[in-house]
Amino acid sequence: NKSAASGGSPAPTLNDLKAQIPATRQLQSRVVTKQDMLSRIYTMPPNFGRVFRAGIRSNPNNPLASQLFVICRDANRQLVIAPDALKKNLRLYLNEFRLISDAFDILDAQVINFSIKFAVVTDPKANKNAVVQKCISRLKKVMTVENFQVDQPIMISDIVNIIINTDDVLGLTNLAINNVRGTVDDRTYSDISFNVEANMMKGMIVPPDGGIFELRYSDFDILLAKELSK
């Protein structure tokens, strides 16, 4: 094929399977609520394709319709736009369960890539570099894309708590969340431009409608804002 295949995903891990249990238990023969719709999407037979995350919003132009935002992952577990074939399969699959009066538009979720920059004051007796690496390691575990849903905001307080509750950290002196897009040092990010400050609300960074945040390259996108304080 001239175009590489997309929209695939590695085999589900044990945690992935555990996450599907609540949706499967609530499954019914008809799509009535938003939860019913999401349950159907996440339990769609894998031969039709696999949706990693989905979000549902009311259609502002049609009160009887909904907007369904979907996103997939590639073999590297990075977010990619769902291929047209998967969307077609999803439409045909959901059509068997929807009520006759229901309608939905399947749209691509917007991927907002971001980076975290921080600076801390450490215990004078501790190894500064080791403390920073502990902070970065803890942030990687919590900010992984598996912990994000479509339309889920970034809670600034969560990031602050992770850092200041790391052993030997005495204080947080600088924290910045920045949008990363395009190509940076041969790393490819989403092309979505996102103004972090304009979308800050009550200690949260709110994504655009149908948007999902992704810390795409955690080894490069969590870094020090400046030299460590002595």
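The values are calculated or read from the model by the stated rules, or taken from the named source; none is laboratory data. Treat the numbers as computed from the prediction; the structure is a model and nothing was measured. Note: ideal-geometry Cβ built from the backbone for every residue, glycine included; neighbour counts use all protein chains shown. Please note that ligands, DNA and RNA were not included when accessible areas were found on the heavy atoms of the full protein model with its side chains. Shrake-Rupley method; radii C 1.70, N 1.55, O 1.52, S 1.80 Å.
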Using the Kirkwood formula over every pair of different C-alpha atoms, what hydrodynamic radius in Å results for the range 119-206?
-> 14.8 Å
Could you pull out every one of the aspartates and glutamates with an alpha carbon less than 19 Å from that of residue 125, ignoring same-chain neighbours closer than 8 positions?
-> 167, 168, 227
Total formal charge among the other residues, if their Cβ is under 14 angstrom from that of residue 65, Lys/Arg +1 and Asp/Glu -1 | +2
Cut-off under 5 Å, modelled amide H: who pairs with residue 59 long-range | 65, 66, 67
Work out from phi, with θ = phi - 60° and the Karplus expression 6.51 cos²θ - 1.76 cosθ + 1.60, the ³J(HN,Hα) of each residue of the range 173-179, listed in order in whole Hz, and give x for Gly and Pro.
-> 9, 7, 8, 9, 10, 10, 6
The set of residues whose placed amide H lies less than 5 Å from the amide H of residue 73, leaving out same-chain residues fewer than 5 positions away, is 52, 80
Nearest-20 debye value, the range 130-230 charge dipole, Cβ charges on Lys, Arg, Asp, Glu = 300 debye
Show the residues, 5+ positions off or on another chain, whose built amide H is closer than 5 Å to the amide H of residue 173.
-> 119, 120, 121
For the range 61-108, what log10 I(q)/I(0) values come out of the Debye formula at q = 0.17, 0.19, 0.26 1/Å, with one point per alpha carbon and no solvent?
-> -0.57, -0.68, -1.00
Return the sequence-ordered ³J(HN,Hα) values of the range 75-86 in whole Hz as given by the Karplus equation 6.51 cos²θ - 1.76 cosθ + 1.60 applied to θ = phi - 60°, using x for Gly and Pro.
-> 5, 8, 6, 9, 5, 9, 5, 5, x, 4, 4, 5
For the range 107-175, report the accessible area per residue in Å² (1.4 Å probe, heavy atoms, rounded to an integer).
-> 47 Å²
Could you give me the ³J(HN,Hα) list for the range 44-53, computed from phi with Karplus coefficients 6.51, -1.76, 1.60 and θ = phi - 60°, whole Hz, x at Gly and Pro?
-> 5, x, x, 5, 8, x, 10, 8, 7, 9
Above 18 angstrom, tally the Cα pairs of the range 73-160 and express them as a % of all pairs, no decimals.
-> 64 percent
Flagged as over-length at 24 Å C-alpha distance, from 87/141; 34/141; 117/140; 128/202; 117/141, the pairs are 87/141; 34/141; 128/202
